[in-house]
Amino acid sequence: MDRFLGPGARLGDGQRDAVLAALTSDTLAVLPPAAGKTAVYAIAGDLLGGRTVVVSPTLALHRDQVAHLNASGVRAGALNSENGRGALASFVAGELSVLVTSPEQLANPEVLRELVTAPPTLLAVDEAHCVCDWGPDFRPDYLALAPVARALGSPRILALTATASVPAREEILDLLGVPDACVVVRDVDRPDTHLAVHLVHSEEAKWRQVTDAVVGLEGPGIVYVTTRGHTTLLADRLKEAGVTAGACHGGLRKRERQAVQDAFMADDLRVVVATSAFGMGIDKPGVRWIVHGDVPTSIDAYHQEIGRAARDGGTARAVLFHRPQDLARPKLFASGRDARAAALATVIEAIRLHDDGVAQVELADAAGLSKAALSRALPALIAGGCVTQAPGRRLLAGTNDGPAIDLARAAAELVTRSRDRQRSKVELVRRFAEGTGCRRRTLLEVLGEPRDGACGNCDRCDAGDVGDPGARSGASHGEPAPGEAVAHDQWGRGVVQTVADDTVVVLFDEVGYRTLSIPVVRERGLLTSV
């Protein structure tokens, strides 16, 4: 252990339990930031024997993880756009025991064919929440990890993340193809981060207030927004206000993104205005605040992003500017008509007829689909292993050669479930932003870690509006409690997510989130404990 952790150091409880679980079963580990996730997969891979492939989303993470592994005496290398194929050849030849790479590399048929000749014993998926983040920066190749794992002979899967609510955990494991995996969760609370929400009613007022707030905050920080245009708009406003700020989003050239990151790490920039991908793999312990200029796409995304502050163990502030109209933006993802199974079967069959692939736009026309409908269905087709992506927005046949209509039906069902989840995620963000009572208690209830007491470190607690979770005796007595398993005559089984004022939010297995009136639940006996 010393070579992984340092002389005399020992695994923390979460690390130890995650390693032990991974030795006997597929595992999802939800551990706090800075909990030493690299040591978890390094030790688990070492004890399992064989070799380990690590899937990680950013080049910054690749560099950091390889450096840590090599410093521990582990022979590791990275396969990415910076390093070419040398590390892959060394891994296959047995010269490396760990290969750190991206989902896009594993989706490359040539890379996969080479890996199949020396399959890993452990497939570690770092930042595993990316698997089910179907937001603006979504990367569909994350959904190809399940068919990739099958092609590699189904190695042990170890997924790691700092944030995953109960429904997100189920979705991650479902999409990775290991629904029965062991789940290890350690306290997700960040008690030293003060939580606050400011309600605004116009676009101009929002940007003015965000700018004023950032000017008044001390130390370095990150402002998260949901569109690329908003990154440049706000960065320009901050510069005009005398703040050293830079914009970062996926549309920038790699060199430009790296320059912003390097300047932030070197304290040449005090503020980065960014979309959601920025921050993963950036180990800057002195970040003192996180501001959300736009509402996040989900509570999971919000919790993940505020966790990028105070990694040095100090205090931090998390400020969300909530304009209710902005919730329409993530809802756009959940609007429009979905592709029917028959049309998706046509797409699969057409791709199979062309060894060199088919342009995505041609497939939409041939199947009678809108381009938006095909784009929404594409991740589900990739997850089923029936389609892979190629450069130039071309689609190739995947490794799953089952009947096209069966694969299409499964893809259509996944799109429907994902749409329902997306709608539900928006409503939970609204509940957090607009609800009364302790902010942290509401947040932790959604994340599956309910608390009875108020936190004393949020704007609601500051104002004395701590709320009262009440003396809950269970849904069968008309008092549903967060985390309680319940049943509804029409919607089936579910789990209570939050209880606030006179409403309860329940995540049902089949129909997603529903908000119910507690007085009506009591009067009609709508929920029963199971």
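What follows is calculated from the coordinates using simple rules that are stated; it is not laboratory data. Model, not experiment: these values are computed from the prediction. Heads up, the Cβs are rebuilt from the backbone with ideal geometry, glycines too, and the neighbour counts pull from every protein chain shown.
Observations on the structure shown:
- Segment 416-447 residues near the modelled Ala205 label - backbone nitrogen below 18 Å, point 7 Å along Cα→Cβ: 433-435
- Here the chain is assigned +1 on the Cβ of each Lys and Arg and -1 on the Cβ of each Asp and Glu. Its dipole about the Cα centre then comes out at about 540 debye.
- Per-residue Karplus couplings for segment 109-114, computed as 6.51 cos²θ - 1.76 cosθ + 1.60 with θ equal to phi - 60°, are listed in order as x, 5, 5, 5, 4, 5 Hz, Gly and Pro entered as x.
- Quarter the surface of the alpha carbon convex hull of segment 471-530 and you get the mean projected area, 3.4 square nanometres.
- Kirkwood analysis of the Cα pair distances in segment 47-120 returns a hydrodynamic radius of 12.1 Å.
- Packing-based order for 407-413, 221-227, 489-495, using average beta carbon neighbours within 10 Å, highest first: 221-227, 407-413, 489-495
- Amide H contacts of Asn400: Cys386, each under 5 Å away and 5 or more positions distant or on a separate chain (H built 1.01 Å from N in the peptide plane; Pro and chain starts excluded).
- For a straight C-alpha distance cut-off of 15 angstrom, the aspartates and glutamates reachable from Lys239 (same-chain residues fewer than eight places away being disregarded) are Asp212, Asp268.
- Karplus-derived 3J(HN,Hα), 6.51/-1.76/1.60, for each residue of segment 49-65, Hz, glycine and proline x: x, x, 10, 10, 10, 10, 9, 9, x, 10, 5, 4, 5, 4, 4, 5, 5
- Relative contact order (%) - segment 414-530, alpha-carbon pairs under 8 angstrom, separation at least six: 21 percent
- Rounded to the nearest Hz, the phi-derived 3J(HN,Hα) couplings of segment 349-362 under the Karplus curve 6.51 cos²θ - 1.76 cosθ + 1.60 (θ = phi - 60°) are 5, 5, 5, 5, 7, 10, 5, 8, x, 10, 5, 4, 5, 5, where x marks glycine and proline.
- Label positions at Ala263 and Glu510, each projected 7 Å from the Cα along the C-beta direction, are separated by 5.5 nm.
- Calculated FRET efficiency for the pair Asp174/Asp13, C-beta based, R₀ 22 Å, to 0.05: 0.25
- Residues of segment 161-183 with amide N under 12 Å of the 7 Å Cα→Cβ point at Ser25: 179-183
- Amide proton proximity set for Cys458, modelled H, under 5 Å, gap of 5+: Leu195
- A straight chain from Thr503 to Asp212 at 0.36 nm per residue would run longer than the Cα-Cα distance by 101.3 nm.
- Extension reserve of the Asp459-Lys371 stretch, reckoned as 0.36 nm per residue once the Cα distance is removed: 27.3 nm
- Distant-in-sequence amide H partners of Glu127 (H built 1.01 Å from N, under 5 Å): Leu160
- Per-selection Rg to Rh, segment 292-440 - Cα, Kirkwood hydrodynamic radius: 1.12
- Segment 2-185 - convex hull of alpha carbons, volume per residue in Å³: 106 Å³
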